[in-house]
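The values are calculated or read from the model by the stated rules, or taken from the named source; none is laboratory data. All values reported here derive from a predicted model rather than from experimental measurement. Cβ coordinates were reconstructed from backbone atoms using ideal geometry, including for glycine residues, and neighbour counts include every protein chain displayed.
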Ligand code: BTN
């Protein structure tokens, strides 16, 4: 049951951004907002165009995983044309924008798990997928895909129930998707602009990252390492201290906590 209407008018009315969300398309249902966003980006739609789906039938996540996207949640993609030197900070921008949004709308303090999950009390509430096209060292486009478990009874989904949560599970009440989307667009624009000429976004991202100092198992392709997370560099790569004292860098992959 959804209790708010995701019309273009409702999302954009007095939004207060300069470019993110100034052009929005809302679909009742899509396979994935990523595909439509990428086609739109190839057609050079204006920067900040947002593709929203009320539900996705083939939502996808990182590492070829799926993303459960029934009505009541928020699934959207934001199209940007960043300079290549700012590409790696998009994940920091998006995850911090989510943290600010969740705090403002629900009062809950969420945290970040490297590389791009947003957690509440250790359970995943939001996933971020960044896809881009690069041509001759120039970014043709970047799409930030964000999926947020807003109104979702996670117990209805056995495959994610042990590891996921939703804003409605945490608040025990309906959470406005409209408030989430509007705040998210404002925060994303603010942090995107800030990330272009300051280290503040990287710093705040690190300050809110649960993974730092933890013993983890890191998987990258075929390689699996166990070690302690020292830090995450400005380009987003994880710096792991191995038991033999060596430091290794991961630019992509996944980590799980070692108990
Ligand atoms: C992950 O945690 O692995 C990333 C999940 C990203 C899901 C979002 S929902 C909106 C956009 N459309 C998709 O199909 N995926 C992203």
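Structure summary
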| quantity | calculated |
| --- | --- |
| Any hit, region 57-65, residues being at positive phi, assigned by TED's automatic domain parsing to the domain that holds residue 187 and surrounded by fewer than 17 Cβ atoms within 10 Å (Cβ to Cβ) | yes |
| Matching residues, region 59-77, being under 15 Å from residue 28 (Cα atoms) and either within 13 Å of the ligand (Cβ to nearest atom) or within 14 Å of the chain's Cα centre (by Cα) (or both) | 59, 69, 70, 73, 74, 75, 76, 77 |
| Checklist (1) touching a residue at least 24 places away in the same chain (Cβ under 8 Å); (2) in a helix (DSSP H, G or I) applied to residue 194, failing item | (1) |
| Pick from region 78-92, criterion part of a helix (DSSP H, G or I) and touching a strand residue (DSSP E or B) at 6+ places or on another chain (Cβ under 7 Å), ranking: nearest to the ligand (Cβ to nearest atom) | 91 |
| Looking only at region 120-159, and only at residues there that are surrounded by 18 or more Cβ atoms within 10 Å (Cβ to Cβ) and without any contact (Cβ under 8 Å) to a residue 40 or more places away in the chain, the one that is nearest to residue 179 (Cα to Cα) | 126 |
| One residue from 99, 80, 76, 87 being touching a residue at least 60 places away in the same chain (Cβ under 8 Å) and more than 13 Å from residue 183 (Cβ to Cβ) | 80 |
| Residue within region 67-77 that is within 30 Å of residue 231 (Cβ to Cβ), part of a strand (DSSP E or B) and in contact with a helix residue (DSSP H, G or I) (Cβ under 7 Å, 6 or more places away or on another chain) present | yes |
